[in-house]
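Structure record follows, encoded as C-alpha cells.
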Amino acid sequence: MDSSEGFDNDRYLKTQSEHIRERISKFGGKLYLEFGGKLFDDYHASRVLPGFKPDSKISMLMQFGSDAEAIVVISAEDVVKNKIRKDIGIGYDLEVFRLVDSFRDRGIDVCGLVITRYTGQPAADNLQKKAEALGLRVYKHYPIAGYPADINLIASDEGYGRNDYVETTKPLVVVTAPGPGSGKMAVCLSQIYHENKRGTPAGYAKFETFPVWNLPLKHPVNIAYEAATADLGDSNMIDPFHLETYGKTAVNYNRDVEVFPVVNAILESVSGKSPYSSPTDMGVNMAGFCIVDDDKVRKAAENEIIRRYFGALRDHREGKCDESAVFKLELCMKRAGITPSCRRTVTAVREYEDKESRPIVAMELKDGAIVTGKASALLTASSAMILNALKIIADIDDSVLLISPEVIKSMQRLKVEYLGNRNPRLHIDEMLVALSIAANVDSNAERAFSALPALKGCDAHSSVVISPVDEGLYKKLGIYVSCEPEYQTKCLFHGNRGHWSPTVASADWMHLVSTE
C-alpha cells in the first residue's frame, strides 16, 4: 500500500465481500442489496478516504462472479424532469444505459430496468421503448396511496403486488440507480414481497458508504458527507434505535432513522418478521474498519469540506443554489473546526491576490510543496501551474523551455485566426498536446510528460472561476480543484470564460514560457 494512503483498499474488498456473504447466508441464500452512492466512480469516497479506489464497489461485486446480478432503477419523475448527474454531466436516462454497460462489461448480468412512480408519463414510455429496442427488459412500479404509512395496503396485492415482478436467479441481487430518490428501497421490498408469495425466502440490506457508522459523529469524514449532500438536507445523527437496543453509539443519517420504523413494519408484514433492530443493522458497510491512518483521512476530509464550500459559493454566484446551501457548508466547517485558510492552496492564492491582479492557481504536491501558476499572454493560470509542477516533479530547472515559443505561436494563431476564439491562451489540454509532441524530440519534455501521473490526488485552488475546458482536464488528471467565486472578466455571459485577448509582444514569449 502507498505510504501516502490512509485507507486499505485491499482489506476493504476482502472484508466487505465477506460481510455480504454472511448476510446472504443469514437470509437463506437470497439477498436484495440496495446500493447507494456512486457504484462505478465514487470519487467522493476516493477524495475523503485516500487509497479508496473509485471503482472499489464494483470490484468488490466482481468477486461474487456468477452469484451476482443487478437491477437498475429510475424514477419516471426524474425522466420527466430530465434530471442530470452533475459530476459527469449526463441525464439519468443515459446514465441508466451506462450502468447497464458497466455491469455487463464486468460479467454481471442485468435482470432489467425498473421504472418507478410510473403514471403513464410519455417520457417514461419513450425510455421504455429505447431500452427494449436495445434488448433490456423493462418493468414498472406504481405509486401506492398512503405510502409509506398504510402498511396493510403496501404489503398487499393492491400495493407491492401490483408492481411488476423482476425475475432473478442469483443469490445476490444488486439494486442501484443513477441517483438518490429513485425508489431503490421500494424495489427491494417489493421484490421480497413477491419472493415470499412464491415461497422463496429473501432478505434486504443496504450498502451506503457514508456516513461511516463506526466513526464519531463529528469525524471530518462524516461531516464531509453532510457537505456533499447539502442540497438534499441530509444530516448525520446518532442512531437512537441502535443505542437503545445495544447501548452503543452508531452514526446514521436522518432519512434512514426517520423511515426505519416504517421499513421495519413493512419487512415484518412482508416476511413475517424483521431481523433488524436499528437502521445501522440494515447496513453492510465495513469502510470504517479499513482506515489505517486516521490523520491522513481527517486531513483529506477537511480539504473536501472546504472544496464543497467553495463549490456552494460558486453555485450561488451562478444562481444554481440559494444561500441556505452556503450556510450549511459554513456550519459543516464550523463543526469540523476548520476555515478555508486551513487549506494551504487557498492561503497561497489569497496571499498572491494581495500583490497582483492576474489569475493564479496554487497546488500542493504530494511532498507538501506548493507550486503556483499565473495567467499570461500564453497560458491559462491552470496550464502554467501544471507545467511548473511537472518541472518540479521531474527535477527540471525552471529556466528550461519545455515547449517552443514558435509552437505556442502557431497554436494561438490557429485558435484566434482560424477557429474564431477570442482567448489565445492555451488551456490544459492544448498545453499537454504541445508537451506530448515536444516529448518526442526533447528529453526534458519527455521527463515532464512522464511525470503526469504524479499529479493525481493533488489539491489545487484558483483565484477565479476555472474555464469548463480546464475544469474537465483537472478531473481527468485526478487533481482536486476548487475556485473563488470570481470571474476573470466583468462579462455577464460566461459560457466561454476568459475572453481576454491581448496583443502578445514577441519579447514576452521566451520570458513567459520559461517562468509562468
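The values are calculated or read from the model by the stated rules, or taken from the named source; none is laboratory data. All values derive from a computational prediction rather than experimental measurement. A quick note on method: Cβ atoms are made from the backbone with ideal geometry, for glycine too, and the neighbour counts reach across all protein chains shown.
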| remark: With the first residue restricted to the stretch 145-157 and required to be closer than 10 Å to Ser269 by Cα, and the second required to be at pLDDT 90 or above and surrounded by 15 or more Cβ atoms within 10 Å (Cβ to Cβ), Cβ contacts under 7 Å at 6 or more apart or on different chains are Ile151/Ala265; Ile154/Ile144; Ile154/Tyr160; Ala155/Tyr193
| remark: Counted residues in the stretch 99-112 being in a helix (DSSP H, G or I) and in contact (Cβ under 8 Å) with a residue 12 or more places away in the chain come to 4
| request: Please work out if Leu94 is within 30 Å of Ile192 (Cα to Cα), free of Cβ contacts under 8 Å to residues at least 12 places away in the same chain and either assigned by TED's automatic domain parsing to the domain that holds Leu113 or in a helix (DSSP H, G or I) (or both). | output: yes
| message | Being aliphatic (A, V, I, L, M), surrounded by 20 or more Cβ atoms within 10 Å (Cβ to Cβ) and more than 22 Å from Tyr204 (Cβ to Cβ): is that true of Ala68 here? | response | no
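Select, from Ile396, Ile360, Ile305, the only residue that is β-branched (Val, Ile, Thr) and not assigned by TED's automatic domain parsing to the domain that holds Arg447.
The unique qualifying residue is Ile305.
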| message | Would you confirm whether or not the stretch 251-263 contains a residue that is over 30 Å from Val114 (Cα atoms) and either of a type in the set (Val, Ile, Thr) or not assigned by TED's automatic domain parsing to the domain that holds Ala70 (or both)? | response | yes
| Can you name the number of the only condition in (1) crowded, with 22+ Cβ neighbours inside 10 Å; (2) more than 26 Å from Met62 (Cα to Cα) that Thr176 fails? | (2)
| note | Of the residues in the stretch 36-64 that are surrounded by fewer than 22 Cβ atoms within 10 Å (Cβ to Cβ) and aromatic (Phe, Trp, Tyr), the one that is nearest to Ala186 (Cα to Cα) is Phe40
| field | Boolean, Ile115 is assigned by TED's automatic domain parsing to the domain that holds Thr169, buried (at least 16 other Cβ atoms within 10 Å of the Cβ) and part of a loop (DSSP other than H, G, I, E, B) | value | no
| remark: How many residues of the stretch 125-175 are among the polar types (S, T, N, Q), touching a helix residue (DSSP H, G or I) at 6+ places or on another chain (Cβ under 8 Å) and part of a loop (DSSP other than H, G, I, E, B)? The answer is 2
| said: Six or more apart or on different chains, Cβ atoms under 6 Å: show the pairs whose first residue is in the stretch 434-453 and more than 14 Å from Ile392 (Cβ to Cβ) and whose second is among the aromatic types (Phe, Trp, Tyr). | reply: Leu435/Phe449; Ser436/Phe449; Ala439/Phe449
| said: Exactly one condition in (1) out of contact with any Gly (no Cβ under 9 Å at 6 or more places or on another chain); (2) part of a strand (DSSP E or B) is false for Ile71; which is it? | reply: (1)
| task | Output the residue which, of all residues in the stretch 179-198 that are within 29 Å of the chain's Cα centre (by Cα), farther than 16 Å from Asp93 by Cα and among the polar types (S, T, N, Q), is surrounded by the most Cβ atoms within 10 Å (Cβ to Cβ). | result | Ser190
| said: I'd like to check something: does the stretch 95-112 contain any residue that is of a type in the set (Ser, Thr, Tyr), more than 13 Å from Gly179 (Cβ to Cβ), at pLDDT 95 or above and in contact with a helix residue (DSSP H, G or I) (Cβ under 8 Å, 6 or more places away or on another chain)? | reply: no
| request: Could you please give the count of residues in the stretch 374-416 that are of a type in the set (Val, Ile, Thr) and part of a loop (DSSP other than H, G, I, E, B)? | output: 4
| query | On the given criteria, is Tyr309 in a loop (DSSP other than H, G, I, E, B), among the aromatic types (Phe, Trp, Tyr) and farther than 19 Å from Leu217 by Cβ? | reply | no
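Quick one: in the stretch 351-373, which of the residues that are outside any loop (DSSP other than H, G, I, E, B), of a type outside the set (Ser, Thr, Tyr) and at pLDDT 95 or above is surrounded by the fewest Cβ atoms within 10 Å (Cβ to Cβ)?
By that ranking, first place goes to Ile370.
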| request: Can you tell me which residue within the stretch 437-476, out of those that are small (Gly, Ala, Ser) and within 10 Å of Leu402 (Cα to Cα), is nearest to the chain's Cα centre (by Cα)? | output: Ala448
